[in-house]
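No lab work stands behind these numbers, since they all come straight from the coordinates. The structure presented is a predicted model; accordingly, all values stated were derived computationally and were not measured. Every residue, glycine among them, receives a Cβ derived from its backbone with ideal geometry; neighbour counts consider all protein chains shown.
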Amino acid sequence: MKSILKYAFFFTTAFIIAGSIAYYSVSLFTKSADEIILPELTGKNIIYVLETLTSMGLNAKLHGTQYNDEILKYSVISQDPRPGATIKKGRDVTIYISKGPKENSIPDLRQTPLKQALILLEKNEFTKGHISYTYSSKTPENHIIGQYPDPFTTALKGSFCKLLVSRGTNPTGMVMPDIDGMRLEKAAAIIKDRHLHISKIISKKDLNKNPGTILSYTPQAGSHVTGSTPISLVVNSSENNKIMAPDKLKNGILLTHSLDPGFLKRHIRVETDMLGPIIDLYNEYMKPGEDIKILVPSGIYTEINIFIDHRFEKTIIIDPWKEDNDTGDMIIWESSHLQFYQPILPDLVKN
């Protein structure tokens, strides 16, 4: 009887030990089989990611989409858990999908001034592309005629936008007039009447020609010109190679001289050579304390003599070729009171 119990005890103990070993072996194997190391999914296409996760027994959970300048559209931006993490089968893997780089709507720039169009492009995160120019009768000068990409289409931010800009109406051709030997003011008036523009005025000294007259010019008379053709004039003056701004021909200078106070009217005479021949600007009686006002062109060498009660008062000289070195203003020279009067002569040069 004791032998039977002894064998039964050994048999039971061996069975328990064998069962325990088998249980732990199976549990260890099962536990190892349920855990997976999560691979790197970032940058992979969504189709590839879904197939990979499904084959691994994991569930793909889409959390959202975002714009991304570096990750292609329909590719994974990020994942949770992170790559290399250990995860059991049947668990969820959260992923974010890229919508690709952000696209903006192209603004309508047509008939918009160029400066404003460039501001709109920058505001909408686009880049200025090549700018071309052409004439147009329907679009004002320096306004946008057309653009590429077309308005209201979409493009990636930072994309280039090409612009076609108007030069205005195509200028009508004409023949350059003959202005040789004319005074500068008369030549400028003729050029202006023909809707041409002066680009440069240069001085040259020629003692055989009258001061202030045209010595040469380009283009030459008879040449084909348009409103955009630059015209250069060479004008006779006391010095060589001086430059006069063409805008001076459009402006005027108001000169004033105040009469002394008193009781009786004063006889005033003002003579000038601004128009070529010597003429009187004033020849009348004025009340004491009034101002003599003289408007003269700023682009013409002019001498003005003022007489009060038949007595010479002073000379005013306007020389458009001379400017103050510091301010750039034109110098106006006025004489002091003289004991005698020197009349204006065409060949007189005053120092």
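Under the combined filter of DSSP loop state and at most 10 neighbouring Cβ atoms within 10 Å, segment 206-286 retains these chymotrypsin sites (Phe, Trp or Tyr not before Pro): PHE263. Computed from the Cβ-Cβ distance with R0 of 56 Å, the FRET efficiency linking THR52 to SER228 stands at 0.25.
How far, in nm, would the chain grow between TRP333 and ALA85 when pulled straight, counting 0.36 nm per residue and subtracting the alpha carbon separation?
On the way: separation 248, 0.36 × 248 = 89.28 nm, distance 9.26 nm.
Taking TRP333 through ALA85 to full extension adds about 80.0 nm, to one decimal.
Apply 1/(1 + (r/R0)^6) to the Cβ-Cβ distance of SER216 and GLU239, taking R0 = 22 Å, and write down the FRET efficiency to the nearest 0.05. Approximately 0.85, to the nearest 0.05. Bridgeable aspartates and glutamates around LYS314 (alpha carbons under 13 Å apart, same-chain partners fewer than 8 residues away excluded): GLU271, GLU303, GLU334. A cut-off of 5 Å between modelled amide H atoms, ignoring neighbours fewer than 5 places along the same chain, links SER216 with VAL234. Listed by chain and number, the aspartates and glutamates placed with their C-alpha closer than 18 angstrom to that of LYS250 are GLU185, ASP193, ASP319, GLU323, ASP329; residues fewer than eight positions away on the same chain are left out. Within the same chain, aspartates and glutamates fewer than 8 places from LYS44 are excluded, and of the rest, those with a Cα less than 20 Å from its Cα are ASP69, GLU70, ASP80, ASP92.
Of the chymotrypsin sites (Phe, Trp or Tyr not before Pro) in segment 118-207, which ones lie in a loop per DSSP and count no more than 12 other C-beta atoms within 10 Å? Intermediate results must be reported in sequence, preceding the final value.
On the way: sites: PHE126, TYR133, TYR135, PHE152, PHE160; in loops: PHE126, TYR135, PHE152.
Within segment 118-207, the qualifying chymotrypsin sites (Phe, Trp or Tyr not before Pro) (loop, at most 12 other Cβ atoms within 10 Å) are PHE152.
Residue by residue, segment 177-183 carries 3J(HN,Hα) couplings of x, 8, 10, 4, x, 6, 5 Hz when phi is fed to the Karplus relation 6.51 cos²θ - 1.76 cosθ + 1.60 (θ = phi - 60°); x denotes Gly or Pro. Across segment 53-142, the fraction of Cα-Cα pairs farther apart than 17 Å, rounded to a whole number, is 66%.
Exceedance of the 32 Å cut-off in Cα-Cα distance is limited, within the set LYS128/LYS322; LYS102/LYS138; LYS61/LYS123; LYS204/LYS287; LYS115/LYS248; LYS293/LYS322, to LYS128/LYS322; LYS102/LYS138; LYS61/LYS123; LYS204/LYS287. Amide hydrogen proximity for ILE36: with H placed 1.01 Å from N in the peptide plane, the residues at 5 or more positions away or on another chain lying under 5 Å are ILE87, LYS88, LYS89.
Here's how it looks for LYS102: its modeled amide H is under 5 Å from those of ASN68, LYS157, which are all 5 or more places away or on a different chain.
Rounded to the nearest whole Hz, the Karplus-based 3J(HN,Hα) values (6.51 cos²θ - 1.76 cosθ + 1.60, θ = phi - 60°) of segment 55-60 follow the sequence 5, 8, x, 10, 9, 7, with x at glycine and proline. For segment 186-193, backbone phi angles converted through the Karplus equation (6.51, -1.76, 1.60; θ = phi - 60°) give residue-by-residue couplings of 6, 4, 5, 5, 5, 4, 5, 4 Hz, Gly and Pro being listed as x.
Shown here for segment 202-276: trypsin sites (Lys or Arg not before Pro) in loop regions (DSSP other than H, G, I, E, B) with at most 16 other Cβ atoms within 10 Å, namely LYS205, LYS209, LYS265.
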